[in-house]
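What follows is a set of notes on a single structure, which appears directly below.
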Amino acid sequence: MLPTVAAVRERLSGEPSVAFVPTMGNLHEGHLELVRLAARRAPCVVASIFVNRLQFAPHEDFDRYPRTFQEDCARLEELGVAAVFAPDEPELYPSPQEVLVEPPPLGNILEGEHRPGFFRGVATVVLKLFNIVQPRYAVFGKKDYQQLLVVREMVRQLNLPIEIVAGETCRDSDGLALSSRNKYLNSAERREAPRLYSTLVWLKKELESGNQDYRGLEKAARSNLDKSGWSVDYVALQQQATLGLAQQGDRALVALGAARLGATRLIDNVEVFLGT
Ligand code: PAF
């Protein structure tokens, strides 16, 4: 484990090609798949573990976010990760972080609308981590679809020499997307939780069978969750590449949802490809 920027720079100096997996720890199979994907890109895989206060609003779960550092390191070691960068807050933010990365406009909708400041915090820490690790590849999960696009756009617009690789979402056998926040669910909520995914899959099937009433479908999906006790932030059909609002004739869509079950906020998405 490397706790300092200097130690990372020293360990990685001379490494010709690094594949990087940034995480906030509490690793599950979804993270491990991202690490395996990284290992297919470059022989030297680096992971980071850092719960980034900058991307949490004051009322959010920064303090109770699950931290399982020893187990995480053991799992990463088993996978042959070359280095784990795990700084503490003063190491990564030695002084107040006044220089912040302003995310592109696609970061203002959906998660950005419901979690103001979230993507600014993500983009800022990811750019810092990129500057420290200097990877050739960086792997992000599609589970956080909008985050993946915000990071891609940051890399493109800031001319960073990094290829962003997308990892598929890992799910439990009942469809629930793996997430560190699933730990917050009580047993009744855990039984209910797969409804978010099944609602998005229903949307996908409707689209595939020719239903083009996008706004009507969003409404129906939302009310399906509402009546099962969810508090819905959004269910939205957007274009995959830009997250622009889905329009008739679009072929590559993504159905995204975010909703609260009790105190736990879950997000998920399903890609939809229409036509051939
Ligand atoms: O997806 C996450 O775990 C975080 O948002 C990330 C990319 C590690 C930045 O803190």
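Where a number appears in this text, it was derived from the coordinates with a stated rule and is not lab data. Please read these numbers as outputs of a predicted model, since none were measured by experiment. When we count neighbours, we look across all protein chains shown, and the Cβ atoms used for this are built from the backbone with ideal geometry, even at glycine.
Data overview
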| read-out | value |
| --- | --- |
| Packing rank of 63-69, 101-107, 77-83, where each peptide gets the mean count of other beta carbons within 10 Å, highest leading | 101-107, 77-83, 63-69 |
| Nonlocal amide H pairs with CYS170, under 5 Å, H built at 1.01 Å | LEU178 |
| Links that overshoot a 29 Å alpha carbon limit, given the list LYS128/LYS219; LYS128/LYS205; LYS142/LYS183 | LYS128/LYS219; LYS128/LYS205 |
| Positive dipole terminus of the chain, leading residue within LEU253, ASN182, TYR137 (C-beta point charges) | LEU253 |
| Loop-located GluC sites (Glu not before Pro) in segment 151-188 whose Cβ has at most 16 other Cβ within 10 Å (DSSP) | GLU168 |
| Options THR242, ALA263, THR199, ranked by Cα towards positive dipole end of segment 197-276, top entry (Cβ charges) | ALA263 |
| Net charge dipole size for the chain [Lys, Arg +1 and Asp, Glu -1 on Cβ; Debye, nearest 20] | 300 |
| Of all DSSP beta bridges in the chain, antiparallel share, percent nearest 5 | 55 |
| Helical contribution to [θ] at 222 nm, DSSP H n ≥ 4, -39,500 (n - 2.57), averaged over the chain, rounded to 500 | -11000 deg cm²/dmol |
